[in-house]
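Take a look at the structure set out below.
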Amino acid sequence: MKVIARIPQMVLGFALAYAGVGHLTTRRTEFQAQVPSVFADYADFVVLASGVVEIALGVGLIALWKYRVQIGWLAAAFFVAIFWGNISQYVNGVDAFGLDTDTKRLVRLFFQPLLVMWALLSTGAWSAWRNKRSQRLDIDLEEDTIYGEAQIMTQRQEVKVLHTYKDLEL
């Protein structure tokens with residue numbers, strides 16, 4: 001893979017690691033504001049745990065290229081899981097991270113799907129899923145299909161089917 005294609009994945013990795021460190025240190029209180037009220041008693045634990053997960057995902061995106069597709073899916077799932085906290089912040093009108101109006105909090109909600117897409121596209125997770133799912137058949141027939149050979153190729157195997165005139169008799 002070319003270096004330029006790895007940049008979006010690395011930027012996402014550094015952003016996750018940076019946010020994770022913020023969970024554990026200076027921005028801990030602000031992150032607690034995003035914890036849904038259902039988990040209010042465990043807000044500090046939720047923030048610490050999600051910070052550790054963000055650091056792990058960030059380091060994985062930066063350093064573990066062999067597992068980039070799997071880490072991409074994990075990062076996307078993480079962004080989906082924490083979306084509940086963003087919705088809670090909007091519904092409850094909680095100020096944090098400069099989101100001090102309902103409009104700002106609402107606009108923030110529309111960025112979460114972009115993070116999910118970023119995780120899936122920058123790691124190749126989406127294209128790997130699409131390629132695995134499609135496994136389409138490419139048929140290449142020689143000129144005379146009655147006596148010729150049809151080659152049906154899939155991504156995993158090549159199947160040769162010989163056609164003869166007798167095979168076509170009804």
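The values are calculated or read from the model by the stated rules, or taken from the named source; none is laboratory data. Remember, it's a predicted structure, so these values are computed and weren't measured experimentally. Note that we place each Cβ from the backbone using ideal geometry, even for glycine, and neighbour counts take in every protein chain shown. For accessibility, only protein heavy atoms count, side chains too; no ligands or nucleic acids. Shrake-Rupley method; radii C 1.70, N 1.55, O 1.52, S 1.80 Å.
The 1.4 Å probe gives accessible areas that order 111, 79, largest first, as 111, 79. What accessible area per residue, rounded to a whole number of Å², is obtained for the range 1-87 using a probe radius of 1.4 Å? Per residue, the range 1-87 has an accessible area of 58 Å².
Measuring with a 1.4 angstrom probe and ignoring ligands and nucleic acids, residue 10 comes out at about 60 Å² accessible. Centre-to-centre separation between the Cα atoms of the range 15-33 and those of the range 105-126: 19 Å.
Size descriptors for the range 26-90 (Cα atoms only): Rg and Dmax, in that order, 13.1, 39 Å.
In order along the range 71-87, the Karplus-derived 3J(HN,Hα) couplings, from 6.51 cos²θ - 1.76 cosθ + 1.60 at θ = phi - 60°, round to 5, x, 5, 5, 5, 4, 5, 4, 5, 5, 5, 7, 4, 4, x, 5, 5 Hz, and Gly and Pro are given as x.
Between residue 101 and residue 10, the modelled label-to-label distance comes to 3.8 nm, taking each label 7 Å out from Cα in the direction of the beta carbon.
When averaged across all projection directions, what area in nm² does the alpha-carbon convex hull of the range 1-138 cover?
Numbers: hull surface 39.3 nm².
Convex hull of Cα atoms, orientation-averaged projection: 9.8 nm².
For the set 122, 127, solvent exposure ranked by accessible area (probe 1.4 Å, protein chains only) runs largest to smallest as 127, 122.
Placing 95, 41 in order of accessible area, with the largest value first and a 1.4 Å probe, yields 41, 95.
At a probe radius of 1.4 Å, what is the per-residue accessible area of residue 116, in Å² to the nearest 10? Accessible surface of residue 116 is approximately 30 Å². Classify the range 52-119 as rounded, prolate or oblate, taking a ≥ b ≥ c as the square roots of the eigenvalues of its Cα gyration tensor: rounded when a/c is under 1.5, otherwise prolate if a/b is larger than b/c and oblate if not. Judged from the Cα gyration tensor, the range 52-119 comes out prolate (a/c at least 1.5, a/b above b/c).
Would you please name the trypsin sites (Lys or Arg not before Pro) within the range 1-109 that are DSSP coil residues with at most 11 other C-beta atoms within 10 Å of their C-beta? Walk me through the numbers on the way to the answer.
Numbers: sites: 2, 6, 27, 28, 66, 68, 104, 105, 108; in loops: 2, 27.
Within the range 1-109, the qualifying trypsin sites (Lys or Arg not before Pro) (loop, at most 11 other Cβ atoms within 10 Å) are 2.
Computed extension gain for residue 45 through residue 25, at 0.36 nm per residue and net of the alpha carbon distance, reaches 5.9 nm. Here the Karplus curve 6.51 cos²θ - 1.76 cosθ + 1.60, taken at θ = phi - 60°, turns the phi angles of the range 22-38 into couplings of x, 4, 8, 10, 5, 10, 4, 5, 5, 5, 5, 5, 8, 5, x, 4, 4 Hz, with x standing for Gly and Pro.
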